[in-house]
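Heads up, the thing below is written out as structure tokens.
The values are calculated or read from the model by the stated rules, or taken from the named source; none is laboratory data. From a predicted model like this one, the values you see are computed outputs, not experimental measurements. Methodologically, a virtual Cβ is constructed for each residue, glycine included, from the backbone with ideal geometry; neighbour enumeration extends over all protein chains shown. Side chains are part of the model used for accessible areas, which takes the heavy atoms of the whole protein and leaves out ligands, DNA and RNA. Shrake-Rupley method; radii C 1.70, N 1.55, O 1.52, S 1.80 Å.
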Amino acid sequence: MGKHFFDYDDGDFAYTISDRMAIDSDGDLLMRMDDHMAMDMDSGELHMVSDWSREEEE
């Protein structure tokens, strides 16, 4: 855990807090949808992100 990635839609970095959840620098929660997509848990919007591969895949 503790991997970081870039959220292209918000223009900020997010840090993983579990295999499927992350928090960005604004405090918004993101849920992993796949390696390059996450859902903003506040708005429900899909965000394009840099590589968020699962830890067991690495």
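Structure data summary
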{"quantity": "Filter result (in contact with a Phe, Trp or Tyr (Cβ under 7 Å, 6 or more places away or on another chain) and β-branched (V, I, T)) within region 1-29", "calculated": "I23"}
{"quantity": "Elements of type strands (runs of 3 or more DSSP E) contained in the chain, each with 1 or more residues being open to solvent by 70 Å² or more (accessible area, probe 1.4 Å) and either in contact with a Lys or Arg (Cβ under 6 Å, 6 or more places away or on another chain) or among the aromatic types (F, W, Y) (or both)", "calculated": "12-16"}
